[in-house]
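Novice: First, the structure itself, so that you have it in front of you.
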Amino acid sequence: MNTRRHPRIHFIHVGGMGNKGTQALFKTDVLLLQNLFKGEVAMSASTTDYSGVRKLNLPLEAIIPPMVDVPYERADQLARRYGVKRASLRYKVLMLSTLISMCLQVSLSLLSVIAVRFGLPAPYRKNVIECLMNCDLVISHSDESFKETASLLPLNPYWAATWWTMLTARTFDVLVSKSLNRSVILFPNSVGPFRTKIGRFLSRLALNSFSHLLIRDEISWEILNELAITSPKTLTYDTALLFHSQHPVQSGLTKPIVAVAPGVYSHSLSKNEVERYVDAHAKALDVVAERHQVSILLLPHYVSGFRFDDLWICQQIMSRMKHPEHAKLHSAETVEEYKSLFDQVDMIISSKMHPAVLGASGFVPILCIVYDHKQTSFFERLTMAECTIAIRQVTYSKLLDTIEKVWRNRDRLEASLRTQIPLWQKHVKQTITRTLASFLEEREQETVGD
């Protein structure tokens, strides 16, 4: 007599939790699975950010390393531990050491897979291999693991090297899982752009090894078609739309409130472009605060502890405002706190993807400063393309004009979000449910057959 056991699911490609969007995506993925299986599911995850994932207090049986570390993630961890600045020579030495380490890890990963295929114990990361062999399904969690820089930003040598190493690490995780005869599903992700032959090669190798791809925007769908990816795929929406905060936190500000989640990527914009971006925000927020008697809430989304992170940008903006008494900077500890604050505001200005997604799920009108197709596609699907500005085109006058446009139309925008977002939430939940059911049923039949 066959006794049905609880499904075992392993998450790969879980990034750093200093990013509130990554927190929202991973927590949503895990809690969605727990609810779908009514708690009768065993889950584990591979990540380099062990402490960050542990702090989420999720129902994970194990938190283990990936087969191959992402060099820049590992270098940043070491830099924070030893107080090393990114611009220093010591950081460059750390980065070089992590690159050498990645080459060794790739070789050892191959050796472990070969050993296991011949019935021998894995000589490298045995716990990771055992976890993969014991699971029923591997999930690349909702995020963006396969791309080279962003659509509206230049690709320079720094970013090319960063993305090549990340693609290498991500690809090896997928290939190791497939070599152990495990189905691998890509949870809702954006894909691309790819601007080099190396990037396209690595991405084709990985994406064609997935058992199913869930794609969260139409431009990524087109990129997959251009790459001739043969893996089955489904177009859906961002899983962070399902995230809700159960921990209300008061902002302490007088309404109406405009929340601002600003940010740039280091080494992606010139010094003059960063200066123009910061000055435009400071001047426009001063005018809006006085003209409409609103409070300004600066909410950094990505806090790394390094120069040019979102907290640093918020501090720069506030220091240049003529009337900083109208503004408050709040660095939220958790994504629940972050989401709770967004739910209380009357408008959001965001330069990052997931503050916009979290705002949209609370039906808050948004102005998005876009750097990538994942943002442009999100707003085009909402029929709100007029609420966006390209990041390299930000000026004081353009930013102020667009803020005024969104502010004037906020009632209409809110009504539109209240109509569309519940349909998107239903679609992504149903899509994930159907996809998981088909693969786990197939796996159960294989187990019974054995």
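The values are calculated or read from the model by the stated rules, or taken from the named source; none is laboratory data. Nothing here was measured: the structure is a model prediction, and the numbers come from that model. As a convention, Cβ positions derive from the backbone with ideal geometry for all residues, glycine included, and neighbour counts pool all protein chains shown. When the accessible area is computed, the model is the full protein with side chains, heavy atoms only, and any ligands, DNA or RNA have been set aside. Shrake-Rupley method; radii C 1.70, N 1.55, O 1.52, S 1.80 Å.
Novice: Please indicate, with yes or no, whether at least one residue in region 15-38 is closer than 20 Å to VAL428 by Cα and outside any helix (DSSP H, G or I).
Specialist: Within region 15-38, one or more residues are closer than 20 Å to VAL428 by Cα and outside any helix (DSSP H, G or I).
Novice: Test of understanding: among ALA42, ALA75, which residue is over 20 Å from the mean Cα position of the chain (by Cα) and aliphatic (A, V, I, L, M)?
Specialist: Working: ALA75 fails: over 20 Å from the mean Cα position of the chain (by Cα).
Only one candidate qualifies: ALA42.
Novice: List, please: which pairs have Cβ atoms under 6 Å, are six or more places apart or on different chains, and start with a residue in region 89-114 that is open to solvent by 50 Å² or more (accessible area, probe 1.4 Å) and end with one that is β-branched (Val, Ile, Thr) and modelled with pLDDT under 95?
Specialist: These pairs meet every condition: ARG90/VAL84.
Novice: Right, next: Which residue is nearest to the chain's Cα centre (by Cα), if the candidates are limited to region 315-346 and must be closer than 25 Å to ARG408 by Cα and open to solvent by less than 30 Å² (accessible area, probe 1.4 Å)?
Specialist: LYS339
Novice: Any residue in region 283-298 that is under 24 Å from the mean Cα position of the chain (by Cα) and farther than 30 Å from THR431 by Cβ?
Specialist: Checking region 283-298: at least one residue is under 24 Å from the mean Cα position of the chain (by Cα) and farther than 30 Å from THR431 by Cβ.
Novice: List pairs: first in region 261-275 and closer than 10 Å to LEU153 by Cα, second aromatic (Phe, Trp, Tyr) and open to solvent by less than 30 Å² (accessible area, probe 1.4 Å), Cβ under 9 Å, 6+ apart or cross-chain?
Specialist: TYR265/TYR371; SER268/TYR371; LEU269/TYR277
Novice: So how many residues does region 353-397 have that are touching a strand residue (DSSP E or B) at 6+ places or on another chain (Cβ under 8 Å) and among the polar types (S, T, N, Q)?
Specialist: Here the count works out to 3.
Novice: Let me ask another. For region 45-69, enumerate the residues that are open to solvent by 10 Å² or more (accessible area, probe 1.4 Å) and part of a strand (DSSP E or B).
Specialist: Residues satisfying the conditions are ALA62, ILE63, ILE64.
Novice: If you don't mind, another one. Across region 266-294, which residue is nearest to ASP346 (Cα to Cα) among those that are hydroxyl-bearing (Ser, Thr, Tyr) and crowded, with 20+ Cβ neighbours inside 10 Å?
Specialist: TYR277
Novice: Does LYS374 fit the bill of being crowded, with 19+ Cβ neighbours inside 10 Å, of a type outside the set (A, V, I, L, M, F, W, C), closer than 16 Å to SER350 by Cα and at pLDDT 95 or above?
Specialist: Yes: the conditions hold for LYS374.
Novice: Also: I'd like to know if region 361-370 contains one or more residues that are touching a helix residue (DSSP H, G or I) at 6+ places or on another chain (Cβ under 7 Å), hydrophobic (A, V, I, L, M, F, W, C), in a helix (DSSP H, G or I) and in contact (Cβ under 8 Å) with a residue 60 or more places away in the chain.
Specialist: no
Novice: Pick from ALA289, ALA284: which is at pLDDT 95 or above and more than 24 Å from LEU153 (Cβ to Cβ)?
Specialist: The unique qualifying residue is ALA289.
Novice: Looking only at region 185-199, how many residues end up being in a helix (DSSP H, G or I) and crowded, with 17+ Cβ neighbours inside 10 Å?
Specialist: Narrowing region 185-199 to residues in a helix (DSSP H, G or I): 197-199.
Next, only the ones that are crowded, with 17+ Cβ neighbours inside 10 Å stay: 199.
Qualifying residue count for the region: 1.
Novice: Looking only at region 405-419, count how many residues are without any contact (Cβ under 8 Å) to a residue 60 or more places away in the chain and surrounded by 15 or more Cβ atoms within 10 Å (Cβ to Cβ).
Specialist: Qualifying residue count for the region: 6.
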